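Beneath this line is the structure, given in structure tokens, with notes to follow.
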Amino acid sequence: MKKYIVTFSICTVLALSSCSDDFIDNSPYTLQVEENFYRTPEDGFKGLVAVYDVLQREGYGGFHLTTEIASDNCYGGFGTSDNNVSLEWDRFQFGSDVEMNDPVWETCYIGIYRSNILLQNLDNIEWGDDTTLRTRYEAEARFLRAYFHFELARMFGEIVPLDHTIGPDEFESPRQPAEVTYALIASDLQFAADNLNDDNYSQPGNINYGRVTKWAASSLLAKAFLFYTNYYGTADLAGVVTKAQATSYINDVVNNSGHNLVDSFSSLWLAASASQAIPYAGEGNTEMVFAIRYNGSGNGDWNLHEGNRFQVNIAPRGGNIGPYAQGWGGATVTPALYNAYQLGDTRRDATIIDFAGESLGFDAEAAGQRQYTGYAWKKFCPITNEAGESVVSANGGDFQIDNYEDYPVIRFSDVLLMAAELNMDSNSGFAQDCLDRVRARAFGDDTHSVPVNADNILNERRLELALEGHRYFDLISKGMTVTAAAINATDMNGEFEVQFRPETLGWFALPQSQVLLSNGAIQQNTGW
């Protein structure tokens, strides 16, 4: 129990000297601390909100930006006078900032800590007869704990999995084999998928949109299964989930979740809909299985994390231009990604800004743009209003921190492609149908079917999910040879030359501070 030292006057101490000393061990009456907080379902809800709150801490150095730069979709970009960290993510170097990957490590462990705090206090809450609410909160917290562990495990390989809050005697815990971490991830996601009801919150105006659902848990479980079994070459997910079970979970999402593809791919993205003058599908559309929510309510308050702090990083550098609001020009898009799309594929122009093709007159030299390729992100790019002013700024916000577009962690098209991969050998007809649905939406017809096989699914995932934080992991899960073949650009000039280093096994460098703080319990990842 947390103890508080209170200073009393001499007379007070004398007056109380004959009483029990227990009073100094009591929880404070006027402060909320862990010992006196988790008492009511409302307290439990606040604790759950605190876990969800960590999801919004995505920005420079976060999971999304870092992994897209490391993939074959993007270069480092940013400005000619900026630091070299983005170049080092792109070139698999580690030197100018040994803490370059700390934002992911720190954010995920904050999320894990908050999840564990809530989970270990659920039995202290007076639930009354509403046991279903307790189960729901446990399922959501366990999903989020799994989500944070999965981000860490995909970036760093072996980590320190935590199913409880740790004390001082565990501060120097060693990393565990991947199987241990993924067994915890699998059991958490399985619990969430099996104990949440059939609600689907992806409906306009639904107040629960953004909360975890059964369908989100089933989808993330399938994603963890595919990454783990592909990367580590195993038949099941850490001995917890078999392929038949993973397939059943994802098929349930396809057939019974109520999620679906929206008619137009471009309508999914704020900038694409604005630049093409088509209706925006909006947040909470049927395709969003799980999304991290943002809003602009912070209005310039850097102490809040309500807005999307990722978006400014990838927006065009040097000021507003056309329908696109200004940013820092990070993660310039590779010509290889732009050219990977076939003629007639609507996803290309919804995903990528083509400065010349859109007659934007962008002056890269004047803007100080580093690694200019002629292409930038259209997905997640903030927009301007009819007067050419940033919508965020016009509404009183700070364009750096108050952007508001949600980040879709799992879209239904991702579900369909996972279902295609999992069913490919056991139910090829269903697998083909899942792949065909994605391609038919992309081309607006049913004449662009390709055979369902591993290579075609991998390629379709790149085209469909480009710039959404999936590509790098899709590559490394297929092995170092496949990854190197995709990423290496050794025939380019010096500014654009990239060479993947297989000796890293695809993992990112650990923050050096964590290696030092572990007092030898944690060693730096191989190759770094």
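The values are calculated or read from the model by the stated rules, or taken from the named source; none is laboratory data. Note that the structure is predicted; figures quoted are calculated from it, not measured. Cβ: placed from backbone, ideal geometry, glycine included. Neighbour counts: every protein chain shown. Calculation scope for accessible area: heavy atoms of the full protein, side chains included, ligands and nucleic acids excluded. Shrake-Rupley method; radii C 1.70, N 1.55, O 1.52, S 1.80 Å.
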Rounded to the nearest 20 debye, what is the charge dipole size of the chain about its Cα centre when +1 sits on each Lys and Arg Cβ and -1 on each Asp and Glu Cβ?
380 debye
So, in Å, what gap is there between the alpha-carbon centers of the range 342-390 and the range 113-132?
47 Å
With a cut-off of at most 15 other beta carbons within 10 Å, and DSSP calling the residue loop, which GluC sites (Glu not before Pro) in the range 358-400 qualify? Please list them.
Glu386, Glu389
Which is farthest toward the positive dipole end of the chain among Val333, Gly59, Ser202, measuring Cα position about the Cα centre, with Cβ charges +1 (Lys, Arg) and -1 (Asp, Glu)?
Val333
Go through the range 165-177 residue by residue and turn each phi into a ³J(HN,Hα) via Karplus (6.51, -1.76, 1.60, θ = phi - 60°); whole Hz please, and just put x for glycine and proline.
6, 9, x, x, 6, 10, 5, 10, 6, x, 5, 10, x
Distance from the range 280-296 to the range 52-102 (C-alpha centre basis), Å
25 Å
Using only the alpha carbons, work out the radius of gyration and Dmax of the range 382-458 in angstrom.
19.2, 55
Say the dipole of the chain comes from +1 at the beta carbon of Lys and Arg and -1 at that of Asp and Glu; which of Ala419, Val450, Pro323 then lies farthest toward its positive end?
Val450
Given 0.36 nm per residue, what is the gain on full extension from Ala394 to Asn519 after removing their alpha carbon distance, in nm?
40.0 nm
Pull out a ≥ b ≥ c, the square roots of the eigenvalues of the alpha-carbon gyration tensor of the range 202-343, then state rounded if a/c is under 1.5, prolate if not and a/b is larger than b/c, and oblate in the remaining case.
prolate
So how exposed is Thr346, as accessible area in Å² (1.4 Å probe, rounded to 10)?
60 Å²
Quick one: which residues, 5+ away or cross-chain, put their amide H under 5 Å from the amide H of Phe290? H built at 1.01 Å from N.
Val409, Ile410
Karplus ³J(HN,Hα) for the range 510-524 (6.51 cos²θ - 1.76 cosθ + 1.60, θ = phi - 60°; Hz, whole; x = Gly/Pro) runs 5, x, 4, 4, 5, 5, 5, 5, 6, 6, x, 6, 10, 9, 4
Estimated dipole of the range 152-251 in Debye, rounded to 20 [Cβ of Lys and Arg +1, of Asp and Glu -1, Cα centre]
460 debye
Cα-based Rg/(2.2 N^0.38 Å) for the range 414-528, rounded to two decimals, is 1.40
When the accessible area of the chain is computed with all protein chains present and a 1.4 Å probe, what percentage of it is carbon and sulfur?
50 percent
Using DSSP to call loops (not H, G, I, E or B), can you name the chymotrypsin sites (Phe, Trp or Tyr not before Pro) in the range 158-231 whose Cβ has at most 11 other Cβ atoms within 10 angstrom?
Phe171
Reciprocal mean inverse distance between Cα atoms of the chain - Kirkwood radius, Å
24.5 Å
For the chain, the charge dipole (Cβ of Lys, Arg +1; Cβ of Asp, Glu -1; about the Cα centre) points to a positive end, and the Cα of Ile314, Thr490, Ala70 closest to that extreme belongs to Thr490
With T = 4 °C, eta = 1.567 mPa s and Kirkwood Rh from C-alpha pairs, the Stokes-Einstein D of the range 327-473 in µm²/s is about 75 µm²/s
Can you bin every Cα-Cα distance in the range 145-186 into 10 Å intervals starting at zero and give me the percent of pairs per bin, rounded to whole numbers?
30, 55, 15
For the pair Val49 and Glu106, what calculated FRET efficiency results from E = 1/(1 + (r/R0)^6), where r is the Cβ-Cβ distance and R0 = 22 Å, to the nearest 0.05?
0.65
Please list 3J(HN,Hα) in residue order for the range 350-365, calculated via the Karplus relation 6.51 cos²θ - 1.76 cosθ + 1.60 where θ = phi - 60°; whole Hz, with x for glycine and proline.
8, 9, 10, 7, 10, 4, 6, x, 9, 6, 8, x, 6, 9, 5, 5
With the other protein chains left in place, how much accessible area per residue, in square angstrom, belongs to the chain at a 1.4 angstrom probe?
41 Å²
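Quick check: with the 1.4 Å probe, what order do Glu497, Glu88 take by accessible area, largest first?
Glu497, Glu88
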Here, Ile166 and Ser426, labelled 7 Å along Cα→Cβ, have an inter-label distance in nm of 3.7 nm
Count the lysine pairs in the chain whose Cα atoms sit under 25 Å apart, keeping only pairs 8 or more residues apart in sequence or on different chains.
9
Using the Kirkwood formula over every pair of different C-alpha atoms, what hydrodynamic radius in Å results for the range 123-268?
16.8 Å
Collect residues whose amide H, placed 1.01 Å from N in the peptide plane, falls under 5 Å from the amide H of Gly330; neighbours closer than 5 in sequence don't count.
Phe78, Ile314, Ala315
Among the DSSP H helices of the chain, those whose Cα atoms extend at least 20 Å along the helix axis and whose mean Kyte-Doolittle hydropathy is -0.5 or higher are 41-54, 102-121, 131-156, 178-195, 214-232, 428-443
